[in-house]
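The values are calculated or read from the model by the stated rules, or taken from the named source; none is laboratory data. Keep in mind that this is a model prediction, so the values were computed, not measured. Every residue, glycine among them, receives a Cβ derived from its backbone with ideal geometry; neighbour counts consider all protein chains shown. In case anyone asks, the SASA skips ligands and DNA or RNA and just uses the protein heavy atoms, side chains included. Shrake-Rupley method; radii C 1.70, N 1.55, O 1.52, S 1.80 Å.
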Amino acid sequence: MTELLKISLPDGSVREIPAGSTPADVAAAIGPGLAKAALAAKVDGEVRDLNRPLDRDSELALITSKDEDDALELARHDYAHVLAEAVQTLWPGTQITFGPATNDGFYYDVMAPESREPFGMDDLPAIEEKMREIIKADKPLVREAWTRERLIEKWQSEGESFKAEWAKELPEDEELTVYWSGDPGAEGSWLDMCRGPHLASTGKLDPQAFKLMRVAGAYWRGDQKNAQLTRIYGTGWLNKKQLNAHLTRLEEAAKRDHRKLGREMDLFHLQEEAHGSVFWHPNGYRIWRELEAYMRRRMDGGGYREIKTPQVMDARQWEKSGHWGKYRENMFVIPDEVPNTADEGALVSDEAEWMALKPMNCPAHVMVFKQGITSYRDLPIRLGEMGCCHRNEPHGALHGLMRVRQFTQDDAHIFCTEDQVVSEVEKFCALADSVYSDFGFTYEIKLATRPEQRFGSDADWDKAEQELRDAVAAAGMANDDYGWEELPGEGAFYAPKLEWHLTDAIGRTWQVGTIQSDRVLPDRLDASYVGEDGDRHRPVMLHRAIFGSYERFIGILIEHFAGRLPAWLAPVQAMVATIVSDADVYAKDVARRLETAGIRASSDLRNEKINYKVREHSLAKVPYLLVVGKREAEEGTVALRTLGEKEQRVLSLDEAIELLTGAGTPPDLATDAA
């Protein structure tokens, strides 16, 4: 008798099907429309191929293009495989490595055959055309399980040294699978090693919904000691409409690129003599100073006490904290030099102690907390620092202000009792909400839970994760309005964390703020307070930041506002420009009156046409341009132009000063005044 499996569907119904049937069979039994629309299946929550046989009673959900996240992940994975097949078809002898899906597309790392140069941008049109041929051929994507020996033999016989190396290192008890593009073993079929899942055939992809974007160098397994490969990047979507929308976003993002605007607005520069460190110009540092003053007021108002801690600390301190073992390769390490009298040419003696530039502020804040005796009555203690840190990021990972080696955090640590954790995190949620609202950001909150490699007991992790859940719920934010979700395995090695993901003006998301509930570091560094019972207890340490780093947050602000920063942040808030030289004296007086009122103003008295001046100061993103000529000088007025508006208004100087003073007031001070 044929064994029947019970398959539970999302609508609550249960279907009995013969063992060995596939999700595609279930879709066909439900109806031809679903059979055509189905892309893959979720079997007991695991995404699987549509044609992979069912072997047990299961919960089954069929994935269609309406399930956009899953559908995009599948499509992008398939585009990567089609890319690799296209490259090997065009240039036999190309070695392939790996090609995952990314947030907006896919890539594949390949090594060109010895007969040609590494692949470049000029090769992309031909690769795209071959990819479209493969998609239009509607080749079936067929999964097979292979033995390790068979797989290694195949890769070695075909000269695929990278694939052979990887296959040898896979766990012996792991099922090894390959996917054929085309009928298995048939002429013209192509094969790759992959866990899957995949769509049923290449024809399920839209040949007009992808575009190859760029090439870059990459090292095998990310190690610069290994062979250099070519990484071919593409963007892939479910349909052409989605692709076009994405390309439009990229065009807008290019216009907003903080590196481009930073040059145009004379804010900062970077150069090889200080890889990953920013040279702030006066205009850019004015933005920094305004942000720092704003955050200092917010932290003062929140009961934080500001401290300043050393840049360099003994390696033994980092060993105690656990950072030396977990983070050593990202730290700048220097010797605490002991002269080597035996070898005058030696820079470092064998007896030298090691020091490190701090990559984070946490251990130093614990050291401040430990000075003297702390009572439970003193808690919570909130210590804040505009702390400069250094991390040894790889050269290839550096990116303008977004990824740097030297950065300053709006960092703080809250030392509290276990009973205070939820209320302190709830207060932080409210503070972060207020700050992000001041900058016009919406956001989502995520809970990153315990990673596989971590310090601390499971009981402590259970407690810490639940405290963060409870705090977000108490703040009224554990719901879809705030995009609440959990990110399994993405916590720090010492603590779970809440993350704030901001959405900018063109829909991109940026992970910025965080708060982490840590019981590990206070224990490792022996921090304690005297409890009501007279005994010593470990405090809980809450690590928190809102901007994240000033460098990155300024970069995000520049792109979010396309350089048109709110007047209170603008380096120059108002420019007084003359039409004729007869108004020079009046223009100087207007600029002086503005400065006296606390407005950052300058004057442009050059012998240039007013349209030239307007265009130049618009490119510099000055919020307000006050145009004055002979008539304005005689009447004590100004012609006010607001950045981005076509019309101008004629106001008395007093009216203009009142308007600009209001616009230039930081939002927290404007709220206080109201």
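Proximity of backbone amide H atoms, modeled 1.01 Å from N, is registered between Leu238 and no other residue at under 5 Å, excluding neighbours fewer than 5 places apart on the same chain.
Can you tell me the order of 259-266, 6-13 when each peptide is scored by its average per-residue count of other Cβ atoms within 10 angstrom, highest first? Don't skip to the end; give the middle numbers.
Working: 259-266: 17.0, 6-13: 11.6.
Ranking, from highest mean packing down: 259-266, 6-13.
Placing a pseudo-label 7 Å from each Cα along the Cα-to-Cβ vector at Asp11 and Lys326 gives an inter-label distance of 4.9 nm. A straight Cα-to-Cα reach below 21 Å connects Lys427 with the lysines Lys446, Lys463, Lys497, residues fewer than 8 places away in its own chain not being considered.
The Gln156 and Glu117 beta-carbon pair, evaluated with R₀ = 25 Å, returns a calculated FRET efficiency of approximately 0.45. In a simple Cβ point-charge model (Lys, Arg +1; Asp, Glu -1; nothing else charged), the range 448-538 has a dipole of about 300 debye relative to its Cα centre. Computed with a 1.4 Å probe over protein heavy atoms only, the accessible surface of the chain comes to 48 Å² per residue. Working from label points 7 Å from Cα in the Cα-to-Cβ sense, the Arg195 to Ile334 distance is 4.3 nm. About the centre of its Cα atoms, the range 480-588 shows a dipole size close to 380 debye [charges on the beta carbon of Lys, Arg (+1) and Asp, Glu (-1) only; nearest 20 debye]. Taking 18 Å as the cut-off, the amide N atoms of the range 24-57 that come nearer than this to a point 7 Å along the Cα-to-beta-carbon line of Leu4 belong to 25-27, 29-30, 54-57.
On the chain, 47 percent of the accessible area sits on carbon and sulfur atoms, based on a 1.4 Å probe.
Using helices alone, what [θ] at 222 nm do you get for the chain, with -39,500 (n - 2.57) per DSSP H run of 4 or more residues, divided over all residues and rounded to the nearest 500? Could the numbers behind the result be given before it?
Details: 21 runs with 231 residues, N = 674.
Here the helix-only value at 222 nm equals -10500 deg cm²/dmol.
A dipole drawn for the chain from +1 and -1 charges on Cβ atoms has a positive end, and of Thr248, Ser161, Gly644 the residue lying farthest that way is Gly644.
Cβ-Cβ distance of Glu353 and Glu187, R₀ of 51 Å, FRET efficiency by 1/(1 + (r/R0)^6): the value works out to about 0.15.
On the basis of the beta-carbon distance and an R0 of 41 Å, Val312 and Lys255 show a calculated FRET efficiency of 0.50.
Paramagnetic label reach from Asp57 (point 7 Å along Cα→Cβ; backbone nitrogen cut-off under 11 Å): within the range 1-43, residues 5-8.
Here the simple spin-label model places points 7 Å from the Cα toward Cβ, and for Thr147 and Thr503 these points are separated by 5.4 nm.
May I ask you to list the chymotrypsin sites (Phe, Trp or Tyr not before Pro) in the range 192-285 that are in a DSSP loop and have at most 14 other Cβ atoms within 10 Å of their Cβ? Working shown, then result.
Working: sites: Phe210, Tyr219, Trp220, Tyr233, Trp237, Phe268, Phe279, Trp280, Tyr285; in loops: Trp237.
Passing both the DSSP loop test and the Cβ count: no residue.
Quote the charge dipole size of the chain about the Cα centre in Debye, to the nearest 20; the model charges only the Cβ of Lys and Arg (+1) and of Asp and Glu (-1).
1960 debye
Sorting the segments 560-570, 513-523, 133-143 by their mean number of nearby beta carbons within 10 angstrom, highest to lowest, gives 513-523, 560-570, 133-143.
Partner lysines whose Cα lies under 27 Å from the Cα of Lys240, excluding those fewer than 8 positions away in the same chain, are identified as Lys36, Lys42, Lys66, Lys130, Lys136, Lys139, Lys204, Lys211, Lys255.
When the chain is described by a simple charge dipole with +1 on each Lys and Arg Cβ and -1 on each Asp and Glu Cβ, the residue from Ala412, Ile127, Ser189 located farthest towards its positive end is Ile127.
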